[in-house]
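Asks: The structure under discussion is supplied below as structure tokens; questions concerning it will follow.
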Amino acid sequence: MVKRVVRWGIRLLVLVLASVFVLGGPIPRVLARVLPSLSPLVAVVGTIAARDWYMGFFWGIPPAAILAMSVWKGRWFCRWLCPAGTLYALPGRFTLKRQVLKRKINGVVFWTILSSSVLGVSMLAFVEPLASVNRLAGLSAQTYTVASLVPGLMVPLFLLLGLIQPMVWCTQICPLGYLFDVMHAVRRRRRPVLDRVRRELLVGACFGVPVGLAARHGLATSLSDDAHAAVPVLPPGAGEPDRFASLCTRCYACVHSCPTRVLTVLFKRGRTLSQFFHPELETIRSHCDSACNRCSQVCPAGAIAPLTVAEKQCRQIGIAEVHRWACFSWARAEECMTCHAVCPYGAISSEPNVDGLDRPVVDVKRCRGCGACESECPSEEQGKAIRAHGVETQALLEPVEVGAVPTAVGPSDESADEDEDGGVFLIE
């Protein structure tokens with residue numbers, strides 16, 4: 001009885017602390033990655049899919065220690081520390097105790113994820129428990145969209161199912177808990193358990209390999225009229241679209257930490273199966289601040305490589321393209337050049353014509369695709385006259401002198417936000 005009280009006391013304390021991390025308490029923004037970084041499942045699947053130990057030494061210690069402890073103690077993390085498990089256990093007193101899901105499918109789920117990761121595709125978007133809790137931060141940070149709420153519905157869904165069948169997520173579905181069970185069974189050499197694991201491995205591979213191949217070879221949702229629509233503008237450090245889509249767990253730590261709110265989650269035509277619900281830049285409403293590298297510092301899954309501000313400023317995440325039919329200078333012979341004035345990288349020059357009027361031209365060797373030009377473009381009747389589109393590979397460009405965007409850029413009226421050290425920086 002005493003042990004149970006102590007355990008529940010610790011679990012509730014961890015749940016409160018996790019809520020502070022998720023809901024943006026008085027902590028540095030870089031700690032937004034703490035909760036999903038604890039998951040050994042994220043570390044294992046991400047490492048296999050990326051073919052690289054992306055977490056480094058410091059961030060790799062917690063998941064490695066948790067996994068090592070499971071060899072001796074099995075699901076000790078689930079029973080003592082997991083905030084998702086505690087959250088799903090809370091409706092237990094009010095449950096109807098009906099059997100919605102009689103068979104355990106956690107083994108099939110785990111091996112489906114692992115087999116697809118061998119093909120370079122991570123399928124953790126909906127089933128990683130710690131990442132699912134982290135998505136709730138969108139409610140407090142006001143960064144949620146309709147698209148981001150789809151993966152976010154996992155938490156309320158299993159809370160409701162918990163009212164019918166107690167602990168249905170933890171006992172029947174959770175792949176992280178299954179990983180702990182497998183590690184414990186291997187040490188104790190339980191023959192019946194290992195036989196069942198082998199069967200689940202085969203079934204999981206039958207699901208994971210075809211889905212992984214489909215995602216890897218890009219089954220598009222629909223045809224797009226725009227040649228660039230299928231290539232999203234991704235955060236600096238994302239690398240290639242397929243790599244980013246495969247590694248992203250949809251925890252949305254990057255979205256919640258973005259000061260200009262340019263990172264968001266959208267439904268768009270032309271996206272592949274693996275690109276559903278991952279973050280991208282919506283440059284029509286805001287821009288990627290040249291002095292900010294927060295998204296690369298908070299990603300727990302290696303989908304966004306950690307970059308310094310100087311490295312980020314040399315990374316080309318997209319290319320701006322002038323739509324002359326919508327441009328005031330090109331189509332109407334009116335003085336504008338707003339895009340030239342706001343570009344922090346000096347990538348937009350003027351092309352004088354016989355009438356002496358300046359007209360914008362993009363230097364692709366200087367353009368980073370930050371979206372400052374697009375978000376500030378005054379053209380509306382025929383759409384934005386300059387649009388940023390994604391690139392197949394984020395190239396490294398030569399360093400240039402970077403200036404601040406001189407006009408108000410951003411979707412909100414907030415004039416300040418906290419930086420990682422607790423100070424204040426202005427979004428002018």
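Asks: Which of (1) crowded, with 23+ Cβ neighbours inside 10 Å; (2) over 29 Å from residue 257 (Cβ atoms) does residue 137 not meet, given it meets every other one?
Replies: (2)
Asks: Under 8 Å between Cβ atoms, which residue pairs at least 6 apart in sequence (or on different chains) link something in the stretch 181-201 that is assigned by TED's automatic domain parsing to the domain that holds residue 104 with a partner that is surrounded by fewer than 14 Cβ atoms within 10 Å (Cβ to Cβ) and among the aromatic types (Phe, Trp, Tyr)?
Replies: Here the result reads 184/72; 187/72, each pair linking the stretch 181-201 to a residue that is surrounded by fewer than 14 Cβ atoms within 10 Å (Cβ to Cβ) and among the aromatic types (Phe, Trp, Tyr).
Asks: Here is a further query. Being in contact with a Pro (Cβ under 8 Å, 6 or more places away or on another chain) and surrounded by 21 or more Cβ atoms within 10 Å (Cβ to Cβ) is the filter here, so list the residues in the stretch 279-291 that pass it.
Replies: Of all residues in the stretch 279-291, those in contact with a Pro (Cβ under 8 Å, 6 or more places away or on another chain) come to 279-281, 285-286, 288-290.
Residues satisfying the conditions are 279, 280, 281, 286, 288, 289.
Asks: Return the total of residues in the stretch 283-314 being without any contact (Cβ under 8 Å) to a residue 40 or more places away in the chain and assigned to a loop (DSSP other than H, G, I, E, B).
Replies: 2
Residues checked against (1) surrounded by 14 or more Cβ atoms within 10 Å (Cβ to Cβ); (2) at pLDDT 80 or above; (3) acidic (Asp, Glu):
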| site | (1), (2), (3) |
| --- | --- |
| 48 | yes, yes, no |
| 54 | yes, no, no |
| 69 | yes, yes, no |
| 75 | yes, yes, no |
| 81 | yes, yes, no |
| 84 | yes, yes, no |
| 87 | yes, yes, no |
| 98 | no, yes, no |
| 103 | no, yes, no |
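Asks: Then there is this: If you take the residues in the stretch 381-397 that are small (Gly, Ala, Ser) and surrounded by 23 or more Cβ atoms within 10 Å (Cβ to Cβ), which one is nearest to the chain's Cα centre (by Cα)?
Replies: Pass one, the stretch 381-397, residues small (Gly, Ala, Ser): 383, 385, 388, 390, 395.
From the residues that got through so far, the ones that are surrounded by 23 or more Cβ atoms within 10 Å (Cβ to Cβ) too are 385, 388.
Numbers: 385: 29, 388: 21 Å.
Ranking the candidates gives 388 first.
Asks: Please work out if residue 118 is surrounded by 16 or more Cβ atoms within 10 Å (Cβ to Cβ), in contact (Cβ under 8 Å) with a residue 40 or more places away in the chain and of a type outside the set (Ser, Thr, Tyr). Can you show your working first?
Replies: Numbers: surrounded by 16 or more Cβ atoms within 10 Å (Cβ to Cβ): no; in contact (Cβ under 8 Å) with a residue 40 or more places away in the chain: yes; of a type outside the set (Ser, Thr, Tyr): yes.
When the stated conditions are applied, residue 118 does not pass them.
Asks: Here is a list: 315, 332, 285, 294. Which entry is more than 28 Å from the chain's Cα centre (by Cα) and basic (Lys, Arg)? Full working, then the answer.
Replies: Details: 315 fails: more than 28 Å from the chain's Cα centre (by Cα); 285 fails: more than 28 Å from the chain's Cα centre (by Cα); 294 fails: more than 28 Å from the chain's Cα centre (by Cα).
Going through 315, 332, 285, 294 in turn, the sole match is 332.
The values are calculated or read from the model by the stated rules, or taken from the named source; none is laboratory data. Here the structure is a predicted model, which is why all the values come from computation and not from measurement. Please note: Cβ atoms are built from the backbone with ideal geometry, for glycine as well, and neighbour counts cover all protein chains shown.
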